[in-house]
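Notes for the one structure printed next.
Read-outs throughout are calculated quantities, based only on the coordinates presented, and are distinct from any laboratory measurement. Everything numeric here is computed off the predicted structure, so don't read it as measured data. With ideal geometry, Cβ positions are generated from the backbone for all residues, glycine too; neighbour counts draw on all protein chains shown.
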Amino acid sequence: MSLVNFTAREITCKIVYYGPGRSGKTTNLHYVYGRVPESRRGRMVSLATQTDRTLFFDFLPIDLGQISGFTTRFQLYTVPGQVYYNATRRLVLQGADGVVFVADSQARQLDENIESLQNLQANLLDHGVDIRGMPLVLQYNKQDLPRELILTSADLDDALNFRSLPSFPADALHGVGVFETLKSISEQVLKRLSQGTTA
Amino acid sequence: MTTALNPKFTFDSFVVGAANRLAVTAARTVVENPGSAYNPLFIYSGSGLGKTHLLMAIGSQAKKVAPGFNIEYLTLDEYVEAFHAAIAAGQGDAFRRRFQNVDVLLVDDVQFLTGRAEMQTELLRLTEVLQGTGHQIVLTCDRPPGEIAALDERLISRFSGGLVVDMGVPDYETRVAILRRKAEERGAAFQPGVLETVAGADFVNVRELMGALNRLIAYQAVNETPINAEAAKQVLGLASVAAATGGGSADEFAQFVSDVTVTVGKAVEAWRSRVAEAILRWEGEGYRTHRLEALLERDAPAAVDEAITSFVKDVERLKALETEVAALDPQAAGQSIFRDPEHMPEAEEAAARVREGAGPPPAPSPAFPLAQFAAGASNQMAMSAVAAVLAQPGKKYNPLLLVGRSGLGKTHLLNAVGLELAQRRGAIVACLSTQDFVDELIAAIDGNRMDWWRARYRRATALLLDDIHLLAGKERTQEELFNLFNLFLDQERQLVFTAPTPPGAFQGIEPRIASRLGSGLVAELTEPDRDVRRGVAERLLVQLHQPTEAALLDYLADRPVDSVRALTTLVQRVVGAATAKEQPLSAGLAREELEGQAPVGERRRTSGFRTSGIVVSSAGGVRSREKMVWDWPEPSDRVLEESR
């Protein structure tokens, strides 16, 4: 999928929120949804199970309007976190311009985080994409939980962020770090404009 | 009623950044090509981002470029007010006329059209009229046309039909630039870091930014101490704002959009946008921009700026060429070759051609081939002179002057020589009537392009002028011809002229020209002899698709005519008679037509009448009116003719 169409003067960014189940990917999208003026956002499509778990995926289109003469659109997706929905995850990843990895900061979830990150790498590889070439930022969600339950950003960086990617502590429920994360991934994605199109 | 343009709002005082560069480029293009580039130009942006400034800048610049332009700037509210006042005063038509004669119409804040159906209709009509007459319209709004509530669909499509551009919130660097410039304008100096602090703060538009700057200027003036960055933060209440943003302010999305704008600005604007801008600008001026478009197709072209610079250089060169060419030959200037930087060598060549004498000088007419010139004893001398000239152009008889009465075929022979000479390799034959030669010279003097005119004829390898006696009294032409004459003689290039009399009898022509005219060979053409007459008659009949039986040709050749032209008239007459009677042309028919049933009258008419082609019919009326004024022998007959 082409990120930027110079003929039609359009920029379209597909950003996928990835991470283990219950790490807060949909919460991120909900917060963004709440901040976008009604005229600028499409309907948020959320296919959830009865217990509010993402069954298929969430999709939030945002229209940023004209930027430097380009009609700019962001498409935010989440993947279902549960392990057994891998086919869906792979499908959603297809054509992604950037990935936000939402990690669960709870100490007991560390293995799930690592596993999910490895799963991301594998799924990208299935699409022929090297994770090192994909714009990626990490978000350490649930930092508002009691200190004794969570790992600090530094700990999580040690455990997950061995490539020194941008990482953000966040409290997606209250919006802390949500836009910082989105801004960071957008910058990375848009920087590729100068290099032409995405892989 | 109309707001005066604020002289402070010019392009020069407008700080251009990534967020508004497109709009400024479009605005400049519109000023340079009003009514043709983008019409209408629709600029939208949030409040306080410079719409009004840009609109007034267009007005000021347009006034500078074309002082005669009728430029109206007004806000939509003023327009509505003016309309209502006009309607109340019963002056609706005058109101419409006033706006229909505007060259550049600038309307601010058109978002207030919402819910004003009658104004929308009025504006739609005005837009149509102005567009139809090629007058420029520029509109500003705080949102795109499609988002103006309750706006007529037709207006939306009209507004969107030209160019719709937006201006975003300026990025940090632009904000700093704006602050620096405004501080400088106000004569205020700040410690380093102060303006950067202000620029880094969260002001949603330039107007608020200006407000902050004003507060700092006022604070500094009151306290008489230079303010530092920390103090500036406190004065502006930024410290507390920064603390509050942590929890997520309501305008996170706006901030996000602004950040993305900066990023896109850095990434796209970095080079693609500069290219896109150049395309926009030069396309607007009518230049082909394939070269720049090709840059956009590539992933990471090297030396983008050099490419743009070289493109601009080429365009400047084209402009210079076109200006130069326009001065020499206005018609040649319109060529598309001067609008295509892809074909610089061709453009240079075209310009060089124009410079050197452009389109070649007038060529001989192909209607007079030498093969159709009937030769005989009467023009034997001229024919042998022509043969000598054609064998050795410029060497043997130079100049050749063909002398003879009107209608003997001088023009034919002159053009025939020209045609023969033109067949040589590299030959450029100038062959025209002296009258045209004089007219061209006058036009060249008028257009201040004498050099071009001279160059044009100096390139010619042969110069043939018909009716050279018409030079009489044309002193400047004689002067120019004298120079050409010498040049042609020196370089052994052929000169051929025609005149009704030998040069000795010329009146009003300088002796130095007259003597030169006679210095080559003066060949006289006399009344056509029988052979010539027969030949001419045969040629004419063939041309008119008539039978050429010997009896007919002999009969026609025996007619006592004194010029080829008279014979031509005669032949046309008998052919016309045959066609009218629907009979094949024969000697008998010709005799009947020419001698008719009044052979007595025929004899009387022999000398004066035969060239005129006039014949008195049996009914006594005049059947042909050709040449009647000049050749009419009897004044009483002339009165009869005029009263008809």
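For chain A, set up a Gaussian network in which alpha carbons nearer than 10 Å are linked by springs, and say which option among A:Ser116, A:Ser184, A:Ser39 fluctuates the most. Residue with maximal mean-square fluctuation among A:Ser116, A:Ser184, A:Ser39: A:Ser39.
From the C-alpha coordinates alone, can you work out the Kirkwood hydrodynamic radius of the protein assembly as shown, in Å? List each step's numbers first, then the result.
On the way: mean 1/r = 0.0281 Å⁻¹.
After inverting the pairwise mean of 1/r, the radius is 35.6 Å.
With the cut-off at 29 Å, tell me which of the pairs B:Lys410/B:Lys474; B:Lys64/B:Lys313; B:Lys8/B:Lys313; B:Lys319/B:Lys474; A:Lys191/B:Lys319 have Cα atoms farther apart than that. List each step's numbers first, then the result.
Working: B:Lys410/B:Lys474 22 Å; B:Lys64/B:Lys313 25 Å; B:Lys8/B:Lys313 32 Å; B:Lys319/B:Lys474 37 Å; A:Lys191/B:Lys319 37 Å.
Listed pairs above 29 Å: B:Lys8/B:Lys313; B:Lys319/B:Lys474; A:Lys191/B:Lys319.
Given that compact globular proteins tend to follow 2.2 N^0.38 Å, what is the ratio of the alpha-carbon Rg of chain B to that value?
Details: Rg = 40.0 Å, N = 644, 2.2 N^0.38 = 25.7 Å.
Normalised Cα radius of gyration, chain B: 1.56.
Rounded to the nearest 20 debye, the dipole size of the protein assembly as shown about its Cα centre is 1460 debye, using +1 on the Cβ of Lys and Arg and -1 on the Cβ of Asp and Glu. Could you go through the range B:228-234 in sequence order and give the Karplus-derived ³J(HN,Hα) for each residue, using 6.51 cos²θ - 1.76 cosθ + 1.60 with θ = phi - 60°, rounded to whole Hz, and x for Gly and Pro? Once θ is set to phi - 60°, the couplings for the range B:228-234 become 9, 4, 4, 4, 4, 4, 5 Hz. Here chain B is assigned +1 on the Cβ of each Lys and Arg and -1 on the Cβ of each Asp and Glu. Its dipole about the Cα centre then comes out at about 1900 debye. Value of Rg to Rh for the range B:370-524, rounded to two decimals, is 0.95; Kirkwood radius and Rg both from alpha-carbon coordinates. Averaged over the residues of peptide A:175-185, the number of Cβ atoms from other protein chains lying within 10 Å of each residue's Cβ is 3.
Residue-wise HN-Hα couplings along the range B:413-420, as the Karplus relation 6.51 cos²θ - 1.76 cosθ + 1.60 with θ = phi - 60° gives them from phi, are 5, 4, 5, 4, 4, x, 4, 5 Hz; Gly and Pro carry x.
How crowded by other chains is B:251-259, given as the mean number of beta carbons from other chains within 10 Å of each beta carbon?
6
Among B:171-180, B:576-585, sorting by the average number of other beta carbon atoms lying within 10 angstrom of each residue, highest first, gives B:171-180, B:576-585. Report, to two decimal places, the Cα Rg of chain A normalised by 2.2 N^0.38 Å (N = number of residues). In units of the 2.2 N^0.38 Å rule of thumb, it is 0.98.
Taking chain A as a Gaussian network, where each spring joins two C-alpha atoms under 10 Å apart, which residue of A:Thr12, A:Thr26, A:Thr88 fluctuates the most? Taking springs between Cα atoms under 10 Å, the residue moving most is A:Thr88.
Angle of helix B:274-284 to the longest C-alpha principal axis of chain B, folded into 0 to 90 degrees and rounded to 10: 40°.
Each Lys or Arg adds one and each Asp or Glu takes one away; over the other residues whose Cβ falls under 12 Å from the Cβ of A:Glu180, this sums to -3. Under 5 Å between amide hydrogens, built in the peptide plane, is the criterion, and for B:Asn39 it picks out B:Leu163 among residues at least 5 positions away or on other chains.
Within 10 Å, count the other beta carbons around each residue, average over each peptide in B:422-428, B:521-527, and list them highest first. Working shown, then result.
Working: B:422-428: 12.1, B:521-527: 20.0.
Packing proxy ranking, top to bottom: B:521-527, B:422-428.
Taking amide H positions as modeled 1.01 Å from N, with prolines and chain starts lacking one, the residues under 5 Å from A:Val176 and 5 or more places away or on another chain are A:Asp171. Based on the Stokes-Einstein relation at 25 °C and a viscosity of 0.890 mPa s, and on the Kirkwood radius from alpha carbon pairs, the range B:137-211 is assigned a translational diffusion coefficient of 164 µm²/s. Peptide A:86-92 is shielded by partner chain Cβ atoms: per residue, an average of 0 of them sit within 10 Å of its Cβ.
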